[in-house]
Amino acid sequence: MSGLEVKTVEEEGLRVEVAAGLCESRDERLERVIRQHIERHKRRAAAADRAFTAATWAVAAVALGILAFIVITIFARGLGTALNPGFLFGKPQAIKEGGGIWPMVVSSFYLAALTVAMVVPVGVGAAVYMSEFAREGRVTRLVRLGADVLSSVPSVVFGIFGMVLFVVYLGLGYSLLAGALTLTLLNLPTVMRTSEEALRAVPVSYREASLALGASRWETVKRVVLPSAAPGITTGAVLAVGRIVGESAAVIYTVGIFVRKIPVSPLQPAAPMAAHIWHTYTEGALVSDWMRIANGEAAFLLLLVLALNLGARLLTRALAKKTGTVKGNE
Amino acid sequence: MTEVACGACGKFELEGVNLYYNGFKALEGIDLRIERCSITALIGPSGCGKSSALRCLNRMNDLIPGARVEGLVSLDGEDVYQRGYDVVELRKRVGMVFQKPNPFPKSVYENVAYGPRLFGIKDKETLDDIVESSLVSAALWDEVKGKLKSSALALSGGQQQRLCIARVLAVQPEVILLDEPCSALDPIATQRIEDLLVELKSRYTIVIVTHNMQQAARVSDYTAFFMIEQQGDPGRVIEYDTTNAIFTNPKDERTERYITGRFG
């Protein structure tokens, strides 16, 4: 019974199908085929979309998870120590336990300030040349190539180069200045490239308006282009500060590792945090609480770098709002 | 030199001007006399070189690598392309308003004061006076007098374009070039700009590029019709005459076809 029914229905369906095929015009057939495919595409695309979204989400989650793992591990081991004023503002000890890291904190900031004071003017100057004055050609290609090569050189190589050139040959000795010069070379490519990006993002129409009013190229750069690019340039500079305070290899060879005095002159040696952490971990066993000190210092350094990155974002947004260069987005 | 009330207006003459972008010839044999204290419209289909011709007048083409001008472009009898000619001075005398309103991301006040500050005016009262009188001339003062310190980017498109005109007026040019100044504006804003131009022509020589023929007919005294024969050819001036003659009695058949809307 039931088999017969099904057959009938099938027959019915087939008959209708055939009838439709026979009497529909070419346009109707095309419309039907296209509609069928659109339907199928819609289903497939939606499924693929979901799958791809899930996959990218998973990858992003892994990246975020690793970051979270690092942050949590470091903070779990050292944040308690780092947030203790006696540790942060305390004097380091040579052989006793209970020493602090204040001279290292000061050294890091001193080194960062010195480096920024050199790398920003040079980097921005080079970027202005590249984006505003140079005609695209062999020279600009060479400069860009040089910057790319320079930025892929490992920092330890810069450290050794800095030691040979600044510490020994120029006789600066282990000093903040030798370190700052080395770090200037290390950070120049990135500062230059981020500044160049920021300058290129300034609309051509601003430059045209200024030039059409009778401004020279330099006046245009000074009064219109640089102010408009300031948010981007500032972000680059703040990120450079993050890299400077986090740099160890280049600093170990040029500034110092176990100096316990707060540096006054840039010609004095010092022990910026990252270098001091390395030293304390590898050779710090003279003080019994070396592990506590290194962990606390690492936690503070991480906190500082995170704050700098966050600060760079906020600063960019605030500056962009003020100058009105970025409207609405980000 | 006998034109009415117009000692300071500038007069341009172009003779046999060719413009090249690298190997590409964009303009050929342009001859134009741009009269003092009048409005000259450059019209023609897209890509016919009318904007390029305009940019020859204040040497904005210099900014494009590979651009080269042949022939004579003279302002009050002086070749502006001669060796040693002061381009900065030229651009001070010949102001320009662009297609898209391009105020600086600064306050309304600072936009207008940009030129005067550039030339070293620091006195607050003088700057205030310049800003006010330029904004009055650009028919914008009443709308912005209460918000001189707020960002120019907050103004409407039409206001921004009038601000750009005020910014040009503040350096007291002799000639004002406008490159399709209304193409990004609505009809009401467009009409305000047109009224303003008619008012300004007693004091300035005005050259306007427009793809809107009605606009050319409404505001201009002289009209030059540009065209390219076919893709890749240089732009040429097909006909140049009083606007009245161009629109009522064109001599060239191509001009007639264009203004009656049969191509372009």
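The values are calculated or read from the model by the stated rules, or taken from the named source; none is laboratory data. Because the structure is predicted, anything quoted here is derived from the model rather than measured. Using ideal geometry, Cβ is built from the backbone for each residue, glycine included, and neighbour counts are taken over all protein chains shown. Surface accessibility is based on the protein's heavy atoms, side chains included, excluding ligands, DNA and RNA. Shrake-Rupley method; radii C 1.70, N 1.55, O 1.52, S 1.80 Å.
Some notes on this structure:
- Tallying residues that are modelled with pLDDT of 90 or more and β-branched (Val, Ile, Thr) within segment B:211-235 yields 2.
- Residue tally, condition more than 14 Å from chain A (Cβ to nearest Cβ) and open to solvent by less than 40 Å² (accessible area, probe 1.4 Å), over segment B:152-178: 3
- Comparison of A:250, A:201, A:209 shows that the only residue that is within 30 Å of residue B:178 (Cα to Cα) and surrounded by 21 or more Cβ atoms within 10 Å (Cβ to Cβ) is A:209.
- From the list A:255, A:221, the one residue that fits, being more than 11 Å from chain B (Cβ to nearest Cβ), over 30 Å from residue A:175 (Cβ atoms) and either within 19 Å of the chain's Cα centre (by Cα) or in contact (Cβ under 8 Å) with a residue 40 or more places away in the chain (or both), is A:221.
- With respect to the conditions (1) assigned to a loop (DSSP other than H, G, I, E, B); (2) within 14 Å of another protein chain (Cβ to nearest Cβ); (3) open to solvent by 50 Å² or more (accessible area, probe 1.4 Å), residue A:214 lacks only one, and its number is (3).
- Output for segment B:64-86, where each listed residue is free of Cβ contacts under 8 Å to residues at least 60 places away in the same chain and among the acidic types (Asp, Glu): B:70, B:78, B:79, B:86
- Qualifying positions in segment A:96-154 - within 30 Å of residue A:295 (Cβ to Cβ), hydrophobic (A, V, I, L, M, F, W, C) and not in a helix (DSSP H, G or I): A:101
- Residue tally, condition open to solvent by 40 Å² or more (accessible area, probe 1.4 Å) and at pLDDT 90 or above, over segment B:34-54: 0
- Within the option set A:64, A:111, being at pLDDT 90 or above and under 24 Å from residue A:265 (Cβ atoms) holds for one residue only, A:111.
- All told, residue B:210 falls short of being farther than 28 Å from residue B:87 by Cβ and β-branched (Val, Ile, Thr).
- Pair list, Cβ < 6 Å and 6+ apart or interchain, from segment B:153-164 residues that are without any contact (Cβ under 8 Å) to a residue 40 or more places away in the chain and of a type outside the set (Asp, Glu) to residues that are open to solvent by 30 Å² or more (accessible area, probe 1.4 Å) and assigned to a helix (DSSP H, G or I): none
- Residue satisfying condition, being farther than 30 Å from residue B:158 by Cβ and either out of contact with any strand residue (DSSP E or B) (no Cβ under 9 Å at 6 or more places or on another chain) or polar (S, T, N, Q) (or both), within set B:99, B:82: B:82
- Among the residues of segment B:211-264, just one is farther than 27 Å from residue B:185 by Cα, open to solvent by 50 Å² or more (accessible area, probe 1.4 Å) and within 18 Å of the chain's Cα centre (by Cα), namely B:240.
- Picking from residues in segment B:61-92 that are outside any loop (DSSP other than H, G, I, E, B) and among the polar types (S, T, N, Q), the one that is surrounded by the most Cβ atoms within 10 Å (Cβ to Cβ) is B:61.
- The residues in segment B:67-106 that are of a type in the set (Asp, Glu), more than 9 Å from every other protein chain (Cβ to nearest Cβ) and within 21 Å of residue A:216 (Cβ to Cβ) can be counted, and the count is 2.
- The lone criterion from (1) out of contact with any helix residue (DSSP H, G or I) (no Cβ under 9 Å at 6 or more places or on another chain); (2) of a type outside the set (Val, Ile, Thr); (3) closer than 26 Å to residue A:234 by Cα; (4) open to solvent by less than 30 Å² (accessible area, probe 1.4 Å) left unmet by residue A:135 is number (4).
- Some residue of segment B:179-200 being within 14 Å of another protein chain (Cβ to nearest Cβ), surrounded by 20 or more Cβ atoms within 10 Å (Cβ to Cβ), assigned to a helix (DSSP H, G or I) and at pLDDT 90 or above: no
- Scanning segment A:217-238 for residues that are in contact with a helix residue (DSSP H, G or I) (Cβ under 8 Å, 6 or more places away or on another chain) and open to solvent by 60 Å² or more (accessible area, probe 1.4 Å), we see that the one that is nearest to residue B:59 (Cα to Cα) is A:217.
- Segment B:134-144, subset touching a residue at least 12 places away in the same chain (Cβ under 8 Å) and assigned to a helix (DSSP H, G or I), residue most open to solvent (accessible area, probe 1.4 Å): B:143
- Filter result for residue A:265 (under 23 Å from residue A:172 (Cβ atoms), of a type in the set (S, T, N, Q) and surrounded by fewer than 18 Cβ atoms within 10 Å (Cβ to Cβ)): yes
- Within the span defined as segment A:135-145, one or more residues are farther than 20 Å from residue A:248 by Cβ, under 27 Å from the mean Cα position of the chain (by Cα) and of a type in the set (Lys, Arg).
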